[in-house]
1. Let me confirm something: among SER56, SER61, which residue is free of Cβ contacts under 8 Å to residues at least 12 places away in the same chain and in contact with a Ser or Thr (Cβ under 9 Å, 6 or more places away or on another chain)?
2. Restricting to the range 9-40, name every residue that is aliphatic (A, V, I, L, M) and under 13 Å from THR78 (Cβ atoms).
3. Could you tell me how many of the residues in the range 65-90 are surrounded by fewer than 18 Cβ atoms within 10 Å (Cβ to Cβ) and either assigned to a loop (DSSP other than H, G, I, E, B) or touching a Cys at 6+ places or on another chain (Cβ under 7 Å) (or both)?
Amino acid sequence: MGPRFDKIALLGNGDLLVEGPFETHGEVVDDVVVRILIVADEIPRERFSTATLRNSAVTKSGTADDAISRGRFSGTVTGAGLKVDDTVRAIGISVAMKRADHPDPPAFETFTWCVTVKVTSE
């Protein structure tokens, strides 16, 4: 449960496409923001991007007590300066506003994750 990266692919223009699923318990009531940070050993600088998963693209299943919200995020890291098979550290943080039980107000939920992966081709 939670977000993860499942695609880190080099585009023809040298940018990096970063995608993955977002999944959480409960009902997301606004857009989900995913901040992406790419760190490569070969390049002494970090590259980042922000992906927004629109609430209209989040599907909800289950009942109020066991609801699951799901969707996919996608971001483009520009000027990555990488090539296929380079190893990078991909770090993500997502922020979602979720419906709370009455009478509590909505709450923010954050996830952070980090993986070391090889860059693939488009």
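1. The conditions single out SER61.
2. Answer for the range 9-40, where residues must be aliphatic (A, V, I, L, M) and under 13 Å from THR78 (Cβ atoms): LEU10, LEU11, LEU16, LEU17, VAL18, ILE36, ILE38.
3. So the answer is 10.
Listed here are the residues, each with its yes/no results for (1) open to solvent by less than 30 Å² (accessible area, probe 1.4 Å); (2) without any contact (Cβ under 8 Å) to a residue 40 or more places away in the chain.
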{"site": "GLU19", "(1), (2)": "no, no"}
{"site": "VAL28", "(1), (2)": "yes, no"}
{"site": "VAL32", "(1), (2)": "yes, no"}
{"site": "ARG35", "(1), (2)": "no, no"}
{"site": "ASP41", "(1), (2)": "no, no"}
{"site": "GLU46", "(1), (2)": "no, yes"}
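The values are calculated or read from the model by the stated rules, or taken from the named source; none is laboratory data. All figures in this text were calculated on a predicted structure; none of them were measured in a lab. Heads up, the Cβs are rebuilt from the backbone with ideal geometry, glycines too, and the neighbour counts pull from every protein chain shown. Surface accessibility is based on the protein's heavy atoms, side chains included, excluding ligands, DNA and RNA. Shrake-Rupley method; radii C 1.70, N 1.55, O 1.52, S 1.80 Å.
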